[in-house]
1. Residue 152 fails exactly one of the following numbered conditions: (1) in the same structural domain as residue 55 (by TED's automatic domain parsing); (2) buried (at least 16 other Cβ atoms within 10 Å of the Cβ); (3) more than 19 Å from residue 365 (Cα to Cα). What is the number of that condition?
2. Could you say which residue among 244, 181, 175 is surrounded by fewer than 24 Cβ atoms within 10 Å (Cβ to Cβ), in a loop (DSSP other than H, G, I, E, B) and either touching a residue at least 12 places away in the same chain (Cβ under 8 Å) or at negative phi (or both)?
3. Looking for something surrounded by fewer than 21 Cβ atoms within 10 Å (Cβ to Cβ), under 27 Å from the mean Cα position of the chain (by Cα) and not in a strand (DSSP E or B) - is there at least one such residue anywhere in the stretch 230-239?
4. Name, by its number, the condition in (1) more than 15 Å from residue 162 (Cβ to Cβ); (2) outside any helix (DSSP H, G or I) that does not hold for residue 28.
5. From the list 69, 88, exactly one residue is over 27 Å from the mean Cα position of the chain (by Cα), part of a helix (DSSP H, G or I) and assigned by TED's automatic domain parsing to the domain that holds residue 162. Which is it?
6. When you check residue 303 against the structure, is it buried (at least 22 other Cβ atoms within 10 Å of the Cβ) and closer than 18 Å to residue 323 by Cβ, yes or no?
7. Kindly evaluate residue 84 against the criterion of being loosely packed, with under 15 Cβ neighbours inside 10 Å and either without any contact (Cβ under 8 Å) to a residue 60 or more places away in the chain or over 20 Å from residue 352 (Cα atoms) (or both).
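The values are calculated or read from the model by the stated rules, or taken from the named source; none is laboratory data. Only a predicted model underlies this, so the values are computations on that prediction, with no experimental measurement involved. Cβ placement follows ideal geometry from the backbone for every residue including glycine, while neighbour counts extend to all protein chains displayed.
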């Protein structure tokens, strides 16, 4: 992309394909089955898609607690530290009610009220994600959500339960409502409720294309955070970047999925060449080399050469990556100029892997370019702002003429009449003299 950048920059950049629209027709009968047949449909769908027969979707409380005994002390300590750091960051996101005096006797208060109940989805496909339990649960708890439930796909290797590390994370977070349900049926379970699971107000968390499609289908019936797609990393780098670090970080996200996206944006052909030479050796040394190779060679991944960091900023803003690393001279100043990214990682010692687990930031982030208009999961995701209007008789009288004029301008005279009805005198309507 050297020279003049194309006007349709966002359209020509590498991007994973996620056809949520096509998946809608596949998830519609799944969601309808759960709506009409409840828990029985959930069990049947779990048997069909996960190959596991379950008697009940809800995990017994004692099984959740016992999962801690199956974990190594190192994993428990690491999870506890991840929880501590996440709480530290998310607690500072709490909003305070603010009352504004608009006029003497007239105030508007913005109250922040948590949603009543949330369903938190934790994936369970190629990998196990206890970190996603932390990232979903902590902001909901800090927001003050009164009722929350976690769901994760039933695992054949664990007798139809979610992975024990998922259960251990729930235990550490004192979550005792957990379900062995995945896919679109999990979203439908939270949307409609079943005999086992009360309906939720909102569902959050990443998942596959069918989870995303179910969220799109049921949005309105239930609130959603986003339609999360394949994970993405973009790295903006110049000649000061270490190719070993850059290659390692591209690989770390490609490890998630064969359709994961890894994009390097640089103004240094020398760095691009060095990274390309570095990749094969590092990929070959990883456990999931086949998966990573497919992801890095897919159309969603690549190297974008630009004329300078200025053009690089334009490219990464157009791409709006889920995760964006900055490996440039004066990385903090460059990062401060980025407008579109789910999360930004500054310099050589803030890799995306840190954010996935222990930075304290949230890793449930917008994908597919949605970072240009959406944010990652936070305490704010679970709060609703409610305006409380409190005016005295005198303050309303002072506003009455303006209300009447604007109501008449919109041809809604009853609006003005509703104000005038509160007084013994009449505010002149349009065309009348005072």
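1. Unmet for residue 152, out of (1) in the same structural domain as residue 55 (by TED's automatic domain parsing); (2) buried (at least 16 other Cβ atoms within 10 Å of the Cβ); (3) more than 19 Å from residue 365 (Cα to Cα): (3).
2. Going through 244, 181, 175 in turn, just one is surrounded by fewer than 24 Cβ atoms within 10 Å (Cβ to Cβ), in a loop (DSSP other than H, G, I, E, B) and either touching a residue at least 12 places away in the same chain (Cβ under 8 Å) or at negative phi (or both): 175.
3. no
4. (2)
5. Testing whether each residue is over 27 Å from the mean Cα position of the chain (by Cα), part of a helix (DSSP H, G or I) and assigned by TED's automatic domain parsing to the domain that holds residue 162 leaves just 69.
6. no
7. Values: loosely packed, with under 15 Cβ neighbours inside 10 Å: yes; either without any contact (Cβ under 8 Å) to a residue 60 or more places away in the chain or over 20 Å from residue 352 (Cα atoms) (or both): yes.
So residue 84 passes the test.
Here is a yes/no grid of residues against (1) without any contact (Cβ under 8 Å) to a residue 60 or more places away in the chain; (2) surrounded by fewer than 17 Cβ atoms within 10 Å (Cβ to Cβ); (3) assigned to a strand (DSSP E or B); (4) under 27 Å from the mean Cα position of the chain (by Cα):
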residue: 36; (1), (2), (3), (4): yes, yes, no, no
residue: 48; (1), (2), (3), (4): yes, yes, no, no
residue: 56; (1), (2), (3), (4): no, yes, no, no
residue: 94; (1), (2), (3), (4): no, yes, no, yes
residue: 108; (1), (2), (3), (4): no, yes, yes, no
residue: 111; (1), (2), (3), (4): no, yes, yes, yes
